[in-house]
Amino acid sequence: MPGFSQIVGHEDTIRHLQTAILQEKVNHAYIFQGAPGTGKRTLADAFAAALECDSLFDTLTLKDAADRVLLKPEEVDACGVCRSCHQAQRHNNPDIVYVVHEKEKLISVDEIREQVVGDVAIRPYNGRRKVYIITDAQLMNAQAQNALLKTLEEPPEYAVILLLTTNAYTLLDTIRSRCVLLDLKPVRDDQVMHYLMEHVQIPDYQAKLCAAFAQGSIGRAMALATSEDFQDLREMALRAVKTAGAMDVAAIREQVETMTGQKEHIQDLLDVLAVWYRDVLYFKATRSADSLVFRDQLQAIRQAANVCSYEGIENVLRALDTAKARLNANAGFELTMELLLLTMHDCTR
């Protein structure tokens, strides 16, 4: 379980939580809002571990001659070695409660009553606090939220409730008003890229592509970097763009047949194609390779920029958006892809 210091991005949110711990102004409830994979659970785990850390608590009680705590906000973190931290790492710390639910898309009122409302009356077993982590809090139905509201209105001083959600506005106004809302922003592409290069040991051009697709999500970036399917999509996209100009009707139909084998990943394939053509457009306008996602394909990008007009590239980008919309509307797959490939072919004229 990573501590604050090992989390990529979210510097402002981390500093807010560290300062709250340092100044003993921890709120009784927080909402961590962010897109899937942005690190809500990782951040909640780190916060919970810090709140329960025996070593950190001992350090916070030490003061200098001027009665000042001997820590700076950025130094506030779980030690990772005390008994409480070991328990937190194994997810068996009795004072960190993870709310679980049986149904995939519902957190019921009974589950909230049993795991939070009923349990919160029991004082912490070891630490000063008792932390409740509700992942996918947007799955709570109205009855479950109202049951939780009673605890939020009169919480015990030791209770801290963390609501993790993709959309805080699915929660009742009365719940939001009693929580501190922390909006997790997407992690910067360069941070995602360096994280992948360090932890997955992939080359920079591959890490840059994964970061571009992850849209600030470390979780999605890791999944893409370790996915053979994603690498296959990249190679398929590169073959399509490099041969588009030479395709006749038979070759287009053959390419569509190949793409049909990746039908379940077709939206990702269209995104890869869009990144390629944006690279071509950028290089055509600037003649610079500095910001290219497909920097390892510089020669092919230069060639495409030389033969494609600005209008042709923009037509392809519009065609990609149209193809995505048509497929989302369940339009015919083969016809949609044929029209797209024809537009890619015309781009090189």
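Computed from the coordinates by the stated procedures, all read-outs in this text should not be read as laboratory data. Just so you know, these numbers come straight off a predicted model, no measurement behind them. Reconstructed Cβ throughout: ideal geometry from the backbone, glycine too, with neighbour counts over all protein chains shown.
Size of region 1-118 from its Cα atoms: along the principal axes, largest to smallest, the extents are 55, 29, 24 Å.
With a/c under 1.5 counting as rounded, go ahead and sort region 203-312 into rounded, prolate or oblate using the C-alpha gyration tensor (a ≥ b ≥ c being the square roots of the eigenvalues; past the cut-off, prolate if a/b is larger than b/c, else oblate).
Oblate, because a/c is 1.5 or more while a/b does not exceed b/c.
Separation of region 10-51 from region 137-202 is 9 Å, based on Cα centroids. Close amide H contacts of residue 181 (hydrogens built in the peptide plane, cut-off under 5 Å, sequence separation of 5 or more or a different chain): 31. If only the Cβ of Lys and Arg carry +1 and only the Cβ of Asp and Glu carry -1, the dipole of the chain around its Cα centre is close to 400 debye. When the Cα positions of 247, 227, 303 are compared along the charge dipole of region 227-347, 303 comes out farthest toward the positive end, with charges on each C-beta of Lys, Arg, Asp and Glu.
Here the Karplus curve 6.51 cos²θ - 1.76 cosθ + 1.60, taken at θ = phi - 60°, turns the phi angles of region 341-348 into couplings of 5, 4, 5, 4, 5, 5, 4, 8 Hz, with x standing for Gly and Pro. Between amide H atoms placed 1.01 Å from N, distances below 5 Å from residue 161 occur with 29, 30, 132, all of them 5 or more places distant or on a separate chain. For the chain, the residue among 327, 165, 26 whose Cα projects farthest onto the positive side of the dipole built from Cβ charges is 26.
Reported to the nearest whole Å, the Cα centre-to-centre distance from region 297-344 to region 203-237 is 21.
What the phi angles of region 178-183 give under the Karplus curve with 6.51, -1.76 and 1.60, with θ = phi - 60°, is a coupling list of 9, 10, 8, 8, 10, 8 Hz, glycine and proline written as x. Taken over region 84-154, the convex hull of the Cα atoms encloses 90 Å³ per residue. Strictly over 30 Å apart at the Cα level, which of 25/103; 242/324; 40/72; 105/130; 208/263; 185/208 would you flag in this model? Check vs 30 Å cut-off fails for 25/103. Under 5 Å from the amide H of residue 140 lie the amide H atoms of 107, each residue being 5 or more positions distant or on a separate chain, with H modelled from the backbone and absent for Pro and chain starts.
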